[in-house]
Structures are given as C-alpha cells and as structure tokens.
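Comments concern the structure below.
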C-alpha cells in the first residue's frame with residue numbers, strides 16, 4: 001500500500017480541468033456541508049490523491065470534495081498520496097467507477113477527446129465501456145435546449161430516459177417542454193407517460209363525447225382514433241364540479257388521480273370525478 005502523509009492544505013490547488021463540474025450535486029453547498037460535519041468529528045479517513053505542480057505546491061488528482069469540506073471544517077492539513085503519473089483519463093475512470101460523474105460530465109469528456117482526434121472505439125476500450133455507451137453519452141452534447149437544461153439541473157439523469165425523451169421531443173417539442181417545466185424530476189416511467197400521451201394526442205377521436213376517462217391514471221382517454229390534422233396538439237377538456245378544466249400532462253402524485261388546470265390553477269383530483277367534455 002502506498003504511503004501517505006499529512007499535507008498542508010494551503011499548498012493544495014484544485015485541478016481546473018477536472019471532469020466533475022461545479023454544478024455536480026456532489027459539490028452542492030449542502031453536500032459539502034454534510035461532509036464537513038463528518039470530517040470535523042472524525043477527520044478524513046481516506047487520503048486524497050495529489051500530484052506535484054512545482055514551487056512546492058500540489059494539484060488534486062482525486063478528492064476535491066474532501067479538500068473543500070476539510071477547509072470548511074477548519075482543518076489545516078489533510079492526508080494525501082502523491083501520484084505524479086495520475087492523468088485526466090484516470091480521473092474520469094475513477095469517477096465513473098464511483099458513479100460520481102453526471103451523464104453530461106461524461107459526455108463533455110468524450111466530446112473533448114473526440115474533438116482532439118480520439119476514436120470512440122478507442123475511448124470505449126480506455127474506459128472499459130461499450131461502443132453503444134460511448135455513443136449514447138456523446139449524443140448528449142447535442143440535446144434540445146429544454147432537455148439540456150433538465151439534464152444540467154439534475155432533473156433527469158437516467159441515460160435511457162434521456163435518450164427516449166429526445167425521441168419524444170422530436171415528435172412534440174411543445175408537449176415535452178411543458179412536461180419538463182411542470183415536473184420536479186423525470187424517471188423512466190415519467191418519460192413513458194409523456195411518450196404515451198404524445199402518441200395518443202397525435203390522434204383525434206370520431207366521437208369524443210361518448211367516451212369516458214378510464215380509472216387508470218396512466219391512460220388519459222380510450223377512444224376510436226384516426227390520424228389527426230396538422231397543427232397544434234388538441235386539448236383534453238374535462239368537467240370537474242361543473243367547472244370546465246383542461247387535463248394537464250403532469251404525472252399525479254397519487255394513483256387514481258389526475259392533474260387539471262382550472263382558471264389558471266393546477267390541482268390534483270380523483271380521476272373518477274372527471275367527465276370528458278371534448279377534445280379541441
């Protein structure tokens with residue numbers, strides 16, 4: 001096992017090119033604050049890795065969170081290994097293994113390497129990942145703006161869900177944008193809901209007044225369908241306590257409920273209290 005020693009924190013600098021970005025949730029004020037409390041009580045149990053940068057100073061290879069938290073905890077030194085052979089590739093691989101990188105951070109690194117002439121197949125071998133994994137992350141560099149913002153904010157992080165959401169967005173940008181704005185987080189099941197909604201609202205009904213809203217909160221309407229006209233997506237109008245409201249594309253918090261918009265207010269109500277008025 002490599003030997004470590006206590007290094008004066010004032011001699012350490014963070015790597016400005018480290019793959020983890022400042023908006024990574026691991027670097028949030030709350031996350032670092034919680035780690036600082038642990039370090040204040042028990043110290044740093046796992047040494048950080050640094051490399052010499054000249055003039056008696058060191059750059060962090062891995063351990064920026066522990067370094068920041070140690071400063072907050074009032075520590076003057078931190079246990080550290082010196083590893084002068086550590087590379088940016090090592091940083092990425094270690095963070096991927098620890099699942100410390102967001103999909104966008106991985107995409108940024110892949111984009112950087114590809115822009116400097118590295119083949120995707122070569123990157124796959126270096127990172128120990130499949131070619132498909134590399135390609136999926138690379139596609140994140142060209143996301144539609146609403147989805148890119150959702151990824152950056154941490155609202156959606158599942159790679160499969162992101163890929164599926166991009167496909168749905170290409171069919172109905174307005175609906176997907178609304179869905180993203182009105183959701184606190186997006187899971188695979190949420191994306192499945194929007195996909196089914198978009199597929200359904202791309203069709204119109206022969207006789208909408210005779211069909212009832214089903215009890216299943218995942219299904220908005222069950223009607224006879226034919227190809228709809230080109231133009232804005234139809235609105236699903238429902239009656240709720242004698243009020244004319246619009247059924248909204250928002251996943252309800254509770255099974256058997258639906259979200260409606262009445263006079264500008266979004267409310268969650270039992271779906272069996274709604275009556276389909278029309279689709280316009």
### Query
If you check residue 174 against the conditions, is it modelled with pLDDT of 80 or more and part of a helix (DSSP H, G or I)?
yes
### Message
As an exercise: evaluate residue 184 against (1) crowded, with 19+ Cβ neighbours inside 10 Å; (2) at pLDDT below 85 and give the number of the one condition it does not meet.
### Response
(1)
### Conditions (1) surrounded by fewer than 13 Cβ atoms within 10 Å (Cβ to Cβ); (2) in contact (Cβ under 8 Å) with a residue 24 or more places away in the chain; (3) farther than 28 Å from residue 249 by Cβ: number failed by residue 115
(2)
### Query
Under the condition of being closer than 18 Å to residue 164 by Cβ and not in a helix (DSSP H, G or I), which residue from segment 117-150 is modelled with the lowest pLDDT?
143
### Query
When segment 90-104 is examined, which residues are found to be at pLDDT 70 or above and exposed (fewer than 15 other Cβ atoms within 10 Å of the Cβ)?
90
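With respect to residue 56, determine if the residue is within 30 Å of residue 161 (Cα to Cα), modelled with pLDDT of 85 or more and surrounded by fewer than 20 Cβ atoms within 10 Å (Cβ to Cβ). Step through it out loud before you land on a result.
Details: within 30 Å of residue 161 (Cα to Cα): no; modelled with pLDDT of 85 or more: yes; surrounded by fewer than 20 Cβ atoms within 10 Å (Cβ to Cβ): yes.
Criteria not met by residue 56.
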### Query
residue 225: in contact with a strand residue (DSSP E or B) (Cβ under 6 Å, 6 or more places away or on another chain), more than 22 Å from residue 160 (Cα to Cα), surrounded by fewer than 16 Cβ atoms within 10 Å (Cβ to Cβ) and modelled with pLDDT of 55 or more, yes or no?
no
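The values are calculated or read from the model by the stated rules, or taken from the named source; none is laboratory data. Treat the numbers as computed from the prediction; the structure is a model and nothing was measured. No Cβ is skipped: glycine too gets one built from the backbone with ideal geometry, and neighbour counts run over all protein chains shown.
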